[in-house]
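Read-outs: derived from the displayed coordinates by stated rules, not from any lab. Bear in mind the structure is a predicted one, so any value in this text is a computation, not a measurement. Neighbour counts are summed over all protein chains in view; Cβ atoms, including those assigned to glycine, are modelled from backbone coordinates with ideal geometry.
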Amino acid sequence: MALLEYLKVDFIYPFPSYQAPALLLAGQCHERLKQKAEAVMQYEELIKKFPKQESATTARERISTLKSKS
């Protein structure tokens, strides 16, 4: 399952330039699986761990979109 592989990247590789996009993709997997709450939590974790990465900007946008659909 792709989701688990993306989470492994965050755990195994100590490189924010790999970890942040992997967490973003993990959040997108949750979205595609219709797991909205889990997607938001994944995006929030990304923002907390890597606030200055470009992926964090995208994660903020996804959270805003998901919360506006509630």
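Data for the structure
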| quantity | calculated |
| --- | --- |
| Formal net charge of residues neighbouring Glu31 (Cβ-Cβ distance under 11 Å; K, R +1; D, E -1) | +4 |
| Gyration tensor (alpha-carbon) shape descriptor, the chain, a/c threshold 1.5 | oblate |
| Rounded tilt (10° steps) of 36-49 against the dominant C-alpha axis of the chain | 40 degrees |
| Neighbour net charge for Leu66 - beta-carbon separation under 12 angstrom, K R +1, D E -1 | +2 |
| Calculated [θ] (222 nm, deg cm²/dmol) that DSSP helices of n ≥ 4 give over the chain, each run adding -39,500 (n - 2.57) | -26500 deg cm²/dmol |
